[in-house]
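Notes follow once the structure below has been shown.
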Amino acid sequence: MRSPDAKPNQGPTQARPSRFKRLARHIASDHRAVRKAFPPDVLARIESATRSGERNHAGQVRFVVEAALPLALVMSRQTPHERALDVFGRLRIWDTEGNSGVLVYVLLADHRVEIIADRGIHREVGVAEWRSICHTMESAFREGRFADGAVAGIDAVSALLSQHFPRTGVASNELPDRPIVL
């Protein structure tokens, strides 16, 4: 995976932002940044998109946004991908009947989106498809279109899950649809 400070399609001549710049971004990012990017009406749209998508597939999708990493994790150079794996485990997204959990994780301070899928889904949907969704969301976020980017990402995840894991019969909603702000 990419380094925590890498930008998409970064060429070999472009320097990676310094550790100090990353630390400064994480210090400056707080819950106000999350509330500005994801106010209650946007979180409600994300929840609705998640609920709507889960009517068509057997997956369990969680959307999590975090303003910044704890400073100790920044200093230890934890990547957004590593943090997403940690959140996936802590929230027990892996603990679904069909190994069908999917985490959509947004780290505002690093301007990154990570998608972590449980092993049952990961076997069918490749990394390239998840990365494509992440890039689309990151692009919308760079333009300040947080609601549109998040909902488009959830819709794209749901489309993939509907293709590979269509809903058959009645299934329970094992994970809450409400987005989490860490």
(request) Return the residue satisfying two criteria in turn: it lies in the range 30-59 and is surrounded by 20 or more Cβ atoms within 10 Å (Cβ to Cβ) and over 14 Å from Ile180 (Cα atoms), and of such residues it is modelled with the highest pLDDT. (result) Ala49
(request) Out of Val113, Val87, report the one residue that is within 22 Å of Ala33 (Cα to Cα), surrounded by fewer than 22 Cβ atoms within 10 Å (Cβ to Cβ) and modelled with pLDDT of 95 or more. (result) Val87
(request) Collect the residues in the range 121-137 that are open to solvent by 10 Å² or more (accessible area, probe 1.4 Å), assigned to a helix (DSSP H, G or I) and either in contact (Cβ under 8 Å) with a residue 40 or more places away in the chain or among the polar types (S, T, N, Q) (or both), keeping them in residue-number order. (result) Ser132, His135, Thr136
(request) With the checklist (1) touching a strand residue (DSSP E or B) at 6+ places or on another chain (Cβ under 8 Å); (2) not in a loop (DSSP other than H, G, I, E, B) in hand, flag the one item Ala68 doesn't pass. (result) (2)
(request) With respect to Ser100, determine if the residue is modelled with pLDDT under 95, under 17 Å from the mean Cα position of the chain (by Cα) and crowded, with 16+ Cβ neighbours inside 10 Å. (result) yes
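The values are calculated or read from the model by the stated rules, or taken from the named source; none is laboratory data. None of the values given here were measured: they were computed from a predicted structure. Virtual Cβ from ideal backbone geometry, glycine too; neighbours counted across all protein chains shown. Keep in mind that these areas ignore ligands, DNA and RNA; they rest on the heavy atoms of the full protein, side chains included. Shrake-Rupley method; radii C 1.70, N 1.55, O 1.52, S 1.80 Å.
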